[in-house]
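So the structure is just underneath, and the comments pick up after that.
No lab work stands behind these numbers, since they all come straight from the coordinates. Bear in mind the structure is a predicted one, so any value in this text is a computation, not a measurement. Glycine gets a Cβ as well: all are built from the backbone with ideal geometry, and neighbour counts include every protein chain shown.
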Amino acid sequence: MDIKKFSRLAGVSTATVSRAFSGNGRIKEATRQRIFELAATHGYTPNIHAQRLNARRTDIIAVYYSFSTAPIFDYYNMELAQEIAKAAGVRGYTTNLELTQKTEAPSPGLQRAAAGGGLDGIILVADSRAGALAFLQQFKSIPVVVIANHRWDLPEAAGLVRIHQDSGIGEAIAHLKSAGHARIGFIHGVADTAKHDAFLNALQAQGLDAASAPAASGPLSFEDGERAIGELLSARVTAVLCSTDILALGAISGADKRGVRVPQDLSIVGIDNLSFSPFTRPPLASVGIPRTEIAEAAIAILDQLVTDTTADATPSARQFIHTINTRFIPRASLGPVSRPA
């Protein structure tokens, strides 16, 4: 018995039968159980390979982001790509990683694969709203899930995973204030307007002076962090929030070279919570961006979009949005304000 005959017997569509056996897509549990019982009674076994061929699925997705010329800067994105590959594998997808210089357009290979049906979908790790919009305009014929800042208005995206920077940064500033810090600086990274805005909002929420909060530009490397911390030390800060963990580690090194101890004389906090941050000296306090949660949400949304598209033969009109909160992880690089003897 093929799927068409079985679906008529069950009184449902072939797409509903496929969803019941694949575990993908939305289907009432009672309907799923009824389909399973009928299949057992009538000896129906789904041909998964044939289903995928009929549905024109490849079970291949692409993860796309633009990268920097400073390799270590992309450590966060590489950790995120690894988590996406894990989450995709659980759902039976193979992942292709597509990297492009920030000044370049998506590769012709990615465009050909998307246009020729060689991909089921794309996950875009966006570094700017304008870049995300341009990408979405270029890939209208394929499901795309965008991983982006939670403040961006992106109605053009069928799938959106939004990273809420304010939650974790607010926790970090609250911890710093409770440790006695009132003069807190910020080291900028690349495309970090949302992080800096969240930093200023958190200062205001804690009753601290946001208008005159010192800031310095990183923007990428350990060396940038070493240099930037010198600017902030001259502004007499007692704590610094850095846009990335890489900049924070550079700031710790720069402070040490200037005879400033962390955390005895200066507290330093990063953003990213990279896998090696707990093992630095001192262990780096950081605003954690939960990459596993981001990856699982992105894959779940993309899988739903792919299922809807292949089942209905038309793109889904719905917009799927999932917001991920960041959270602060306190470690030994944050300490109380040193008091003069």
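Sequentially through the stretch 227-243, phi angles give Karplus couplings (6.51, -1.76, 1.60; θ = phi - 60°) of 5, 5, 5, x, 5, 6, 5, 5, 8, 6, 7, 10, 8, 9, 9, 10, 5 Hz, Gly and Pro residues having no value and appearing as x. Less than 5 angstrom separates the built amide H of Cys242 from those of Ile187, Val269, Gly270, Ile271, all sequence-distant by 5 or more or on a different chain.
Where in the chain is the longest stretch that carries no trypsin sites (Lys or Arg not before Pro) classed as loop by DSSP and with at most 14 other Cβ atoms within 10 Å?
Values: sites that count: Arg26, Lys28, Arg56, Lys102, Lys140, Arg236, Arg258, Arg261, Arg318.
The segment 141-235 is the longest one with no such site.
Here is how the number arises for the chain: DSSP H runs of 4 or more residues each give -39500 (n - 2.57), the sum is divided by the residue count, and the result at 222 nm is -13500 deg cm²/dmol. Cβ under 10 Å from Asp197's Cβ, Asp197 left aside: what net charge do those residues give with Lys, Arg +1 and Asp, Glu -1? Around Asp197, the charge tally is 0. Result for the chain in a Gaussian network model with C-alpha springs under 10 Å: among Phe36, Phe139, Phe222, the largest mean-square fluctuation is at Phe36. Taking a straight line from the alpha carbon of Lys4, these aspartates and glutamates sit under 16 Å away, with near neighbours fewer than eight places off in the same chain left out: Asp312.
The slack between Ser234 and Lys86, meaning 0.36 nm per residue of separation minus the straight C-alpha distance, is 48.8 nm. Principal-axis analysis of the Cα atoms of the chain puts helix 129-138 at an angle of about 20° to the longest axis. Calculated FRET efficiency, Gln137 to Arg261, Cβ-Cβ distance, R0 = 56 Å: about 0.65 to the nearest 0.05. Taking DSSP loops as anything outside H, G, I, E and B, show the longest stretch in the chain free of GluC sites (Glu not before Pro) there with at most 16 other beta carbons within 10 Å. Result for the longest clean stretch: 157-341. Pairs of Cα atoms nearer than 8 Å and 6+ residues apart set the relative contact order; for the chain it is 18 percent.
Taking a ≥ b ≥ c as the square roots of the eigenvalues of the Cα gyration tensor, an a/c ratio of 1.5 or more together with a/b no larger than b/c marks the stretch 166-267 as oblate.
Using the Karplus relation 6.51 cos²θ - 1.76 cosθ + 1.60 with θ = phi - 60°, the per-residue 3J(HN,Hα) values for the stretch 172-184 come to 5, 5, 4, 5, 5, 5, 5, 8, x, 7, 10, 10, 10 Hz, with x marking Gly and Pro. The residues neighbouring Lys86, those whose beta-carbon lies less than 15 Å from its own, together hold a net charge of -3 under the Lys/Arg +1, Asp/Glu -1 convention. Counting only residues at least eight positions apart within a chain, or on another chain, the aspartates and glutamates with an alpha carbon under 20 Å from that of Lys177 are Asp166, Asp197, Asp209, Asp265. To the nearest ten degrees, helix 193-205 and the longest principal axis of the Cα atoms of the chain are 60 degrees apart.
Which value, in debye to the nearest 20, describes the size of the charge dipole of the chain about its Cα centre when Lys and Arg Cβ atoms bear +1, Asp and Glu Cβ atoms bear -1, and nothing else is charged?
760 debye
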